[in-house]
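The values are calculated or read from the model by the stated rules, or taken from the named source; none is laboratory data. Everything numeric in this text was worked out from a predicted model, so none of it was measured. All Cβ positions, glycine included, derive from the backbone under ideal geometry; neighbour counts span all protein chains shown. To get the accessible areas, we keep the full protein, side chains included, count just its heavy atoms, and leave off ligands, DNA and RNA. Shrake-Rupley method; radii C 1.70, N 1.55, O 1.52, S 1.80 Å.
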Amino acid sequence: MLTGVRIVFLGGDARQLEVIRKCVELDATVSAAGFDKWETPSPGVSLEQLTVELLSNADVLVLPTVGCDDEGNISALFSSERLTILEEHFTALPSDCLVYTGMAKSYLRGMCTKHSLKLIELLNRDDVAIYNSIPTAEGALVMAIQNTDFTIHSSKSMVLGLGRTGFTMARSLQGLGAIVKVGVRKQEHYARAEEMGWKPFMTNELLLHVPDVDLIFNTIPSMIITAQVLSRLAPHCVIIDLASAPGGCDFRYAEKRGIKAMLAPGLPGIVAPKSAGIIMAKALVQSISDEALIKGDE
């Protein structure tokens, strides 16, 4: 239970609505700014404007999955007004306030450091990343189906990177009957891919493995699908880049070659916002509970 915990939410999309509902259900005192267009707000939520006074009593501040940009602007899908968190707002937060987001950019990190606030990035948690890999893979498969004229079954599909998203992506493709190649950078990932029945290779040999590929799903957040790689792809190959922006593909050269390449970060919030919100809600509640236990032990 979160009885007595004062939580302030600033902006967000449909995922945030699920997180808010969960916190209310667990008896937290919940205020939310940037939700003036929320048509059916949850009972028990106090809809507010972003002010110094609102933040001055917060135990927990929750920002959207991508906290804010480098000017402090917060994405607020359910607001008709711009939502911007300024230094005066960080100054108003109590010193023991916990600041949550999915992943933080430099502005948010810098402000939290300057004001000695604990910043917790939920997407860094293994459990969140693993759960999020499910809607990510499902969304990527939808994109592949919509942008090809062949079946995934029997296609030659390549996954670059065997982290949490890459593993789920490769397993999903395998389940649909694709011939799965996996590009890895670690020997233990090579062994795991082989054990799973995939066709592994080291990414430094990527050029040798791309000429006959129908689909590429990239999860590596650095330039790996270079112009040189693109020059060896078949014209019908479709690339779906799941890495964080700006991705790992030379999109300019792909367009020049007429190869369909799409950057698709944040798929959980697009294709399955309810499920993605529940995942974030569970992680947030668990983290708040853990932090309370830590404080209680000190």
Q. With a ≥ b ≥ c the root eigenvalues of the C-alpha gyration tensor of the range 1-102, is it rounded (a/c under 1.5), prolate (a/b larger than b/c) or oblate?
A. oblate
Q | Mean Cβ count within 10 Å, highest first, over the residues of peptides 1-14, 157-170 | A | 157-170, 1-14
Q: Please list 200-209, 25-34, 75-84 highest first by mean number of surrounding beta-carbon atoms within 10 Å per residue.
A: 25-34, 75-84, 200-209
Q: Determine the alpha carbon to alpha carbon distance for each of Lys156/Lys282; Lys37/Lys274; Lys186/Lys282; Lys186/Lys260 and list only those over 27 Å.
A: Lys156/Lys282; Lys186/Lys282; Lys186/Lys260
Q.
Explain nothing, just the number: relative contact order of the chain, from Cα pairs under 8 Å at least 6 residues apart, as a whole percent.
A. 16
Q. Considering the zone a paramagnetic label at Ala14 would reach in this model (a point 7 Å from Cα along the Cα-to-Cβ line), which residues of the range 100-139 have amide N under 18 Å from it?
A. 132-139
**Q.** DSSP bridge pairs, the chain: antiparallel proportion in percent, nearest 5
**A.** 5
Q: Report the label-to-label distance for Arg6 and Arg252 in nanometres (one decimal), using points 7 Å from each Cα along the Cα→Cβ vector.
A: 5.1
(Q) If you count only protein heavy atoms with a 1.4 Å probe, what accessible area per residue comes out for the range 57-160, rounded to a whole Å²? (A) 47
(Q) How would the range 184-276 be classified by its alpha-carbon gyration tensor: rounded, prolate or oblate, with rounded meaning a/c under 1.5 and the a/b versus b/c comparison settling the rest? (A) oblate
Q.
Give me the Å³ per residue figure for the convex hull around the C-alpha atoms of the range 121-272.
A. 105
Q. Between Arg82 and Ser42, what FRET efficiency comes out of the Förster formula 1/(1 + (r/R0)^6) with R0 = 25 Å and r the beta carbon distance, rounded to 0.05?
A. 0.55
**Q.** Sorted peptide list for 93-100, 135-142, criterion being average Cβ within 10 angstrom, highest first
**A.** 135-142, 93-100
Q) Over the chain, what number does the Rg to Rh ratio reach, with both radii from the alpha-carbon atoms and Rh per Kirkwood? A) 1.04
Q: Starting from the Cα of Glu188, step 7 Å along the direction of its Cβ; do the same at Ser56; then give the gap between the two resulting points in nm.
A: 5.0
